[in-house]
Amino acid sequence: MKPKKLKSTVSSKEIISALDPGKFPIVGIGASAGGLDALEQFLGNVPENSGLAYVVIQHLDPTQQGMLPELLQRITKMKVSLAKDHLTVKPNCVYVIPPNKNLSILKGALYLFEPPESRGLRLPIDFFLHALADDKQELGIGLILSGMGSDGSTGVRAIKENGGIVMVQEPATAKFDSMPRNAIDAVSVDIIAPANELPARLMDFLKNIPVGKSALDIEIHDKSALEKIIILLRTYTGNDFSPYKKNTVYRRIERRMGVYKIDKITSYVSFLQENPKEIHILFKELLIGVTNFFRDPLVWDQLKEKVFPAILANLKAGSTIRVWIPGCSTGEEAYSLAIVFKEAIDMIKPHKGFSLQIFATDLDNEAIEIARKGAFPATIATDVSPKRLKRFFNETDEGFLVKSEIRETVVFAQHNIIMHPPFTKVDMLSCRNLLIYMDTEVQKKILRLFYNSLKPEGFMLLGSSETLGTLGHLFTPVDAKLKIYKRTFSSMVPEVFDFPSSYYRTDPTTFEKQMKAIEIPNIQTLADRLVLQHLAPAGVLVNENGDIIYISGHTGKYLEPAVGKANMNIFAMVREGLRIDFFSAFRKVLMKHETVILRNIKLATNGDTHTVTVHIEWIDKPGPLYNTVMIIFTEVPEITDITPGAKKGKKAVKSIRQSELEKELQEIHMEMQNTLEEMHTSQEELKSTNEELQSTNEELQSANEELTSSQEEMQSLNEELQTVNMELQTKLDDFLRVDNDMKNLLNSTDIATLFLDKELRIRRFTKQATKICKLIKSDIGRPFSDLVSDLIYPELAADALKVIKTLAAIKKPIPTKDGRWFYISIMPYRTFDDEIDGLVITFINISDLKQVESKFYEAKQKK
């Protein structure tokens, strides 16, 4: 079934009007060598009222004033302007980057920056596309045209990550196809076409993408169509996408519908049924495999300096560390982790024989196959330091190959985290930017699965956009900013979930232990239990987050269930009169690991007032209760300030009231002091956060410098190629000069010369040879035997073959039909390497000599 070519009912103007004011797509166009012709073809075919804005980023000579705006204005009716600071981008306009500048965009306005490099190759296309992706999100469009190098390949990846559209000129139509090919290799491109066809393809693509309200909300009656697509994907690929966020899945489906100009999801279902190849393409579109080496450098520094040393410290010599990386894509994450582990091992002296086993899994089998090869393009030099490249990679003609010592530590396998059994007893788990595509409930199930997969002291690494949600009690933050967590003990065992089916296995020994534990207690145990019930104070055991783990005795006077959804957190349940003092005391206990006592706190319960003393104690032993907090409530008799012998009446009441006010004033003063201390602590934390942000900024600058260094190397290589080209051109000029000299030399000798190849075909001849044989330029390549000559020499062809065979020259005088005489010399044609590559036949005119000889002979006869 061919896709329906439906006439869209949505025009480009309607696309713009349906959006909020100021929200319209912006096309970032990257071009380099050969890009001017491609730009003219593209902009020359853009409608005057397309409703889009176009920003042209081209590699320009920083020392020359550009003429690009004037050149482009000749082929488009849209207004072409040179970009300026704080210039607001408007639709149906073209903006061109000035020479020697970097261009960025913020809130729809352009900004110019001085490039950090004074000269050499830069990355202005990547610079702008990254800013465009952050600023316009799904309204950002990246276009890569003809050019050398790989500028723009990381920029289109950022566009794709933020939901934008990526277009690339068909490499076969580009004068220089390096930039288009690198962009295609970097990301799944939405539109690939010749430059002159790209505008129409883009307009059709935009018309078929629902504007404003999501089509998922508009086509409620077609909701089952989405479920049918999920069923088709599961049937043909074996993977179930029903746990994925519906909006994410639908956006990807809309993209594919836009490519084929299909306006209804029900029509797309039919198209999928008749075109199984499209199901595979949609499957690849849903798998967002964006990754690179050492992504988020601060994370890897933390793993190397803290996490791996902490894991190794708890292991015996010779142990193997098990790591699981679900969603590994093409393997960069797994290899990065293996490299950091090797570096961490080198820091341990003496070496204790530790080894690493990484299980890297992904849904995409093609990505797994790429990862197994361990071969990566030369562009990874922008992410991997020269030191690491030299130590852990072998350089090849195509790029870099991971060394065997690293590849042997990683096992790649196709695995569905939702359907297949997990890896267990792992020391570390790295799952970055996978959970954000799942529904909330599925995220919870996966996090519980991770909890059971990790060892008791195992570590977990999540992506920068992922959180633990309501399951924070299962993991302790090691570095909350970098999303590094440690599995903690919790008596709140994760609830049973319904996948994977083969996950739960009953251990007979565990079952026997449970049976032994359920025994009938003796009289002593029952008596002790009764004593504890009647005499022991009420108390609760909570974790560091305040979640209640265990309740002892009757706590109804001090705690009450919170209104709304059930919440077993101590801060939500503690009664009103105790709440403020309790919060500050609990915080103090966690920070200083000491016991805090709140004395004579008055609480009101069901109209009655009673006084209670609260003991809050941090627990470090036994091991299972480490880092928990025990809270004991002890009720005490009400204290009065009436001393024996004091007068009763109004004075006594006044004295009691005064004591109460003084006590309240003292408590308020203590609360204010605690608040001030907390403010100081928060201020220090903010300072620390600011320092971390500054450090992150420095890291980003460092990464930018590495990219620049790589670009300069490419510029250097380009200059070397230009130098070689100049040298070749010079040699070509020399050869032409020598060829001219040879022609003039041969013609000046007035000797007819004929050059033949091994098959006696004419290769070359001089002007004088045309007076002997009927030769013209078109005879080159013809057999010598086909020529008509004036020579009376029928054995010429035979003698020529004889010379080829014997390599012995033949020289003899030969007459012509018109009475001329020529001294013919047939010699082998020897190359510079002394190889025989044909014959050289020379014809020396000896007619005058023959006439003199004849006259001399006649005179002699007369005597």
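Side notes on the structure shown:
- Some residue of the range 144-153 being touching a helix residue (DSSP H, G or I) at 6+ places or on another chain (Cβ under 8 Å), more than 15 Å from Ala33 (Cα to Cα) and in contact (Cβ under 8 Å) with a residue 60 or more places away in the chain: yes
- Condition met for Ile446 (in contact with a helix residue (DSSP H, G or I) (Cβ under 8 Å, 6 or more places away or on another chain), open to solvent by less than 50 Å² (accessible area, probe 1.4 Å) and either part of a helix (DSSP H, G or I) or under 30 Å from Thr248 (Cβ atoms) (or both)): yes
- Some residue of the range 327-335 being more than 27 Å from Ser188 (Cα to Cα) and either open to solvent by 10 Å² or more (accessible area, probe 1.4 Å) or assigned to a helix (DSSP H, G or I) (or both): no
- Unmet requirement for Thr88, which otherwise passes all of (1) at pLDDT below 90; (2) surrounded by fewer than 19 Cβ atoms within 10 Å (Cβ to Cβ): (1)
- Condition broken by Phe832, with the remaining ones in (1) within 29 Å of Asp739 (Cβ to Cβ); (2) modelled with pLDDT of 85 or more; (3) aromatic (Phe, Trp, Tyr) satisfied: (2)
- Number of residues in the range 554-571 that are within 25 Å of Pro624 (Cβ to Cβ), open to solvent by less than 50 Å² (accessible area, probe 1.4 Å) and not in a strand (DSSP E or B) equals 2.
Residues are listed down the side, and each one gets a yes or a no for (1) more than 28 Å from Tyr451 (Cα to Cα); (2) within 21 Å of the chain's Cα centre (by Cα); (3) not in a helix (DSSP H, G or I):
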site: Trp300; (1), (2), (3): no, yes, no
site: Ala310; (1), (2), (3): no, no, no
site: Ala360; (1), (2), (3): no, yes, yes
site: Ala367; (1), (2), (3): no, yes, no
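- Residues that are touching a Ser or Thr at 6+ places or on another chain (Cβ under 9 Å) and without any contact (Cβ under 8 Å) to a residue 40 or more places away in the chain, drawn from the range 408-429: Thr424
- Tabulated pairs, the range 558-574, first farther than 16 Å from Ser584 by Cα, second part of a helix (DSSP H, G or I), C-beta under 8 angstrom, 6+ apart or interchain: Tyr558/Leu578; Leu559/Ile570; Leu559/Met573; Glu560/Met573; Pro561/Met573; Ala562/Ala572; Ala562/Met573; Asn567/Met573
- Cβ-Cβ under 9 Å pairs, at least 6 apart or on other chains, the range 835-863 side of a type in the set (S, T, N, Q) and surrounded by fewer than 10 Cβ atoms within 10 Å (Cβ to Cβ), far side assigned to a strand (DSSP E or B) and at pLDDT below 80: none
Residues checked against (1) among the basic types (Lys, Arg); (2) at pLDDT 75 or above; (3) within 16 Å of Ile29 (Cα to Cα); (4) open to solvent by less than 10 Å² (accessible area, probe 1.4 Å):
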| residue | (1), (2), (3), (4) |
| --- | --- |
| Lys136 | yes, yes, yes, no |
| Ala172 | no, yes, no, no |
| Phe176 | no, yes, yes, no |
| Pro199 | no, yes, yes, yes |
| Val211 | no, no, no, no |
| Asp222 | no, no, no, no |
| Lys228 | yes, yes, no, no |
| Gly238 | no, no, no, no |
| Ser242 | no, no, no, no |
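- Of residues in the range 123-134 being open to solvent by 30 Å² or more (accessible area, probe 1.4 Å) and out of contact with any Phe, Trp or Tyr (no Cβ under 9 Å at 6 or more places or on another chain), the one modelled with the lowest pLDDT: Leu123
- Residue within the range 284-298 that is modelled with pLDDT of 80 or more, out of contact with any His (no Cβ under 6 Å at 6 or more places or on another chain), acidic (Asp, Glu) and part of a helix (DSSP H, G or I) present: no
- Some residue of the range 576-589 being in a strand (DSSP E or B), modelled with pLDDT of 80 or more and surrounded by 17 or more Cβ atoms within 10 Å (Cβ to Cβ): no
The values are calculated or read from the model by the stated rules, or taken from the named source; none is laboratory data. Source: prediction; values computed, not measured. Methodologically, a virtual Cβ is constructed for each residue, glycine included, from the backbone with ideal geometry; neighbour enumeration extends over all protein chains shown. In case anyone asks, the SASA skips ligands and DNA or RNA and just uses the protein heavy atoms, side chains included. Shrake-Rupley method; radii C 1.70, N 1.55, O 1.52, S 1.80 Å.
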